[in-house]
Amino acid sequence: MKPQLMHDIDRNGSEPPVTTLEPITAPPSDRPIAPPAEAPIAPTPDPITDSAPKKRNPIGLVIVLVLVAAGAIAGGRWAWQFWQYASTHEETDNAQVAGHLYQVASRVPGTVTAVAIEENQHVAAGSVLVRLDPTDYQVKVQQSQAALVAAQQDARAAQSSIALAGANTAAQLTTARGDLNDATAAIANAEAALNEASAGVPVARANLAQAQAALTKAKADFDRYNALYQDGAIAAQQRDAAKAAYDVALAQTAAARQQVQQAIARVAQARQGVDRAQATRQSRQGDLQQARATGNQTQVNRDRYAAATAQIARQAADLRAAQLQLSYTTIAAPVSGRIGRKSVEVGAQVQAGQPLMAIVGDQLWIEANFKETQVQRMHPGEAVEIRLDAFPDHPFRGRVESLAPASGAQFALLPPDNATGNFTKVVQRIPVRIAIDPDSLRGYEAQVTPGMSANVSVAVR
């Protein structure tokens, strides 16, 4: 800059002439010029700036100073506000809108007969969404109703038989006792007959032995007389008499043998009589036991009535289950929300548990992932300003609802293990749930959807 001399303004307001110095020009050389040793540089007058007198305007200088001061004040105020805001707020753009997604599925298999909703439609809780063919389930209800009626009839029959069983018990017991006494007496008679028949067997055998001895003697006599007759020592009359005696002994032996067989047969017959008498007695004992059991038939009938009552309860439960399955043929909305991903049409065959559509619930919140260094002063209940990327000009209000019990990495499918390999410290993210103020959301309910990106600012204490 060119040097110049300035003088004070005289009292009349005129300026004295300004003496200027000639400018010093550098010689045309590339080497640097060394300054003079001790000689002062005399000012050189500037013919352009100092040729005429010049007046200065103090107003412009004041304006410049005012503007500079205002800018400094505004900058300082902005810096103060920025520092104050940054020290009392925590911000993140790692946030998105979240909501409940309800999967709607059929609880029973069937054929779709009606679809009452469309994609993206808003439905209220309890609204009918899909209807299935109810014919099969109506038949099951009718079957359960018939089974319930049958069980009720069995219970009435069991109740009626309780009184009848008591009346028949006494008569059956008397008859059974009499028959048992007769059977016992018959056993005694049969055993006596068996003893008598058994005693006849030794007598018959003794008679058989006697007859056999007489037969042996008669045969020996006949053989001797026959030999003598052949020799001509005796007459034919003697031989014939011996022959007749032998024939008589032979017949007596056969008769005695038959008597032995008859005696043995009488013993077997008597033993069969004893067996029949004993069987009859066992039968009469069974009748007595049955009669005594008939005495307990009242309790049996009571138990039968109790079983029939339990069967009534079971059939009633089956009827309720059939009616419940019939009600499942009408699929209703579990909550209020908007329909999404509808995949069912009329005529489709659906199975139990098959997803048909999804309902995005009306309750929305913000899932913000703050750095772990930002949550030190963050507490539930603190105010939050929310700005969605879809609506940058409309700020939403909310409040901190809760902080996650662990970082997002801990809930990952493969959480990191810092104890293995080389360690690199990474700032973790802590999910923070932020409730949206319903008043600030009013008018945007149908436009704000889960998954939208958001910027949040939490006013920490």
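The values are calculated or read from the model by the stated rules, or taken from the named source; none is laboratory data. What you see is a predicted model, and the numbers here were worked out from it, not measured in a lab. All Cβ positions, glycine included, derive from the backbone under ideal geometry; neighbour counts span all protein chains shown.
Just for strands (runs of 3 or more DSSP E) wholly inside the range 366-454: which have at least 2 residues that are outside the structural domain of Q96 (by TED's automatic domain parsing) and at negative phi?
Where strands (runs of 3 or more DSSP E) fall fully within the range 366-454, none carries at least 2 residues being outside the structural domain of Q96 (by TED's automatic domain parsing) and at negative phi.
Within the range 212-224, residues that are among the aliphatic types (A, V, I, L, M) have Cβ atoms under 6 Å from residues that are surrounded by 13 or more Cβ atoms within 10 Å (Cβ to Cβ) in these pairs: A214/A249; L215/A249; L215/L250; L215/T253; A218/A245; A218/Y246; A218/A249, counting only partners at least 6 apart in sequence or on another chain.
In the list L388, L403, L319, which residue meets the criterion of being within 19 Å of A435 (Cα to Cα), under 31 Å from the mean Cα position of the chain (by Cα) and not aromatic (F, W, Y)?
Result: L403 is the single residue among L388, L403, L319 that is within 19 Å of A435 (Cα to Cα), under 31 Å from the mean Cα position of the chain (by Cα) and not aromatic (F, W, Y).
Taken over the range 304-334, residues that are out of contact with any helix residue (DSSP H, G or I) (no Cβ under 7 Å at 6 or more places or on another chain), under 24 Å from T113 (Cβ atoms) and either aromatic (F, W, Y) or in contact (Cβ under 8 Å) with a residue 12 or more places away in the chain (or both) amount to 7. When each of T216, T253 is tested for being surrounded by fewer than 15 Cβ atoms within 10 Å (Cβ to Cβ) and more than 30 Å from A183 (Cα to Cα), the lone residue that passes is T216.
Yes/no per residue for (1) in contact (Cβ under 8 Å) with a residue 12 or more places away in the chain; (2) surrounded by fewer than 16 Cβ atoms within 10 Å (Cβ to Cβ):
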residue: P395; (1), (2): yes, yes
residue: P416; (1), (2): no, yes
residue: F423; (1), (2): no, yes
residue: R429; (1), (2): yes, no
residue: I434; (1), (2): yes, no
residue: R442; (1), (2): no, yes
residue: S453; (1), (2): yes, yes
residue: S457; (1), (2): yes, no
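Taken over the range 410-435, the residue count meeting the criterion of being within 17 Å of N94 (Cβ to Cβ) and in contact with a Lys or Arg (Cβ under 8 Å, 6 or more places away or on another chain) is 5. Determine whether A404 is of a type in the set (A, V, I, L, M) and without any contact (Cβ under 8 Å) to a residue 60 or more places away in the chain. When the stated conditions are applied, A404 passes them.
Residue-by-condition table, conditions (1) polar (S, T, N, Q); (2) modelled with pLDDT under 95; (3) closer than 30 Å to S457 by Cα; (4) surrounded by 14 or more Cβ atoms within 10 Å (Cβ to Cβ):
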{"residue": "A308", "(1), (2), (3), (4)": "no, yes, no, yes"}
{"residue": "I312", "(1), (2), (3), (4)": "no, yes, no, yes"}
{"residue": "G340", "(1), (2), (3), (4)": "no, yes, no, yes"}
{"residue": "P355", "(1), (2), (3), (4)": "no, yes, no, no"}
{"residue": "V375", "(1), (2), (3), (4)": "no, yes, yes, yes"}
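Scanning the range 88-115 for residues that are over 29 Å from the mean Cα position of the chain (by Cα) and surrounded by 14 or more Cβ atoms within 10 Å (Cβ to Cβ), we see that the one that is modelled with the lowest pLDDT is H89.
None of D389, D393 is over 15 Å from E91 (Cβ atoms), of a type outside the set (A, V, I, L, M) and out of contact with any Leu (no Cβ under 9 Å at 6 or more places or on another chain) except D393. Among the residues examined, V130 does not qualify as in the same structural domain as G408 (by TED's automatic domain parsing), surrounded by 13 or more Cβ atoms within 10 Å (Cβ to Cβ) and in contact (Cβ under 8 Å) with a residue 60 or more places away in the chain. Once the range 402-461 is narrowed to residues that are farther than 19 Å from D389 by Cβ and among the β-branched types (V, I, T), the residue that is modelled with the lowest pLDDT is T420.
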